[in-house]
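The values are calculated or read from the model by the stated rules, or taken from the named source; none is laboratory data. These numbers come from a predicted model, not from an experiment. All Cβ positions, even for glycine, are placed from backbone atoms using ideal geometry, and neighbour counts span all protein chains on display. Accessible surface areas use protein heavy atoms only, side chains included; no ligands, DNA or RNA. Shrake-Rupley method; radii C 1.70, N 1.55, O 1.52, S 1.80 Å.
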Amino acid sequence: MSTTNAKSQIEQTAVDFCEAFYNFNYPVAEEWSTPSSLSYLSFLASNIQQKHIEQLKAQGTAKVSVVSSEIDANSERATVVCEIKNAHIISPISGEMQQISVLQDTLELMRERNKWLIRMDIPRQNGKRNHD
């Protein structure tokens, strides 16, 4: 696989994942995730209520674009920085939904069985995901 091909593949995976994730479509986000990420995603999915879905519909969906991407020399891991416009985050503590006009998310991807998957098993505490 050429690097150009891999680069466009990981970027597309990152965009597809972020569009699903930030629009609360967790079943689709799970398809792009490593097996170790599934418990974290199902925890997030359990926080979604009908009011959040209605707020999302009223405020419009998130739009995702790639800022940068980097593949390691062995082509087994990659990092993609995405910009998400009109992102929606639900606080796991208060259950309140917050709309953020623009945020950047750094995704870690791993290659498993020739497919690029997003690794989200460890929620990061550096301000990228935690908005409380």
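Annotations
- Contour minus Cα-Cα distance for Glu96 and Val67 (0.36 nm per residue): 7.6 nm
- Pairs of Cα atoms nearer than 8 Å and 6+ residues apart set the relative contact order; for the chain it is 27 percent.
- For the chain, a crude dipole built from +1 on the beta carbon of Lys and Arg and -1 on the beta carbon of Asp and Glu, taken about the Cα centre, is about 80 debye to the nearest 20.
- Taking a sphere under 14 Å around the Cβ of Asp16 and counting the other residues whose Cβ falls inside, with K and R at +1 and D and E at -1, yields a net charge of -3.
- Volume per residue that the Cα convex hull of the chain spans, once the total is divided by residue count, Å³: 101
- Per residue, region 1-72 exposes 54 Å² of solvent-accessible protein surface, assessed with a 1.4 angstrom probe and all protein chains in place.
- Exposure ranking of Arg119, Arg113, Arg77 by accessible area [1.4 Å probe, largest first]: Arg113, Arg77, Arg119
- Accessible surface of the chain, 1.4 Å probe, proportion on carbon and sulfur as whole %: 49
- Taking a Cβ cut-off of under 12 Å around Val28, the surrounding Lys, Arg, Asp and Glu residues balance to a net charge of -4, with basic ones at +1 and acidic ones at -1.
- Using a probe of 1.4 Å on the protein chains alone, the accessible area found for Val15 is around 20 Å².
- Inter-label distance, nm, simple model (7 Å from Cα along the C-beta direction), Gln49/Thr79: 3.8
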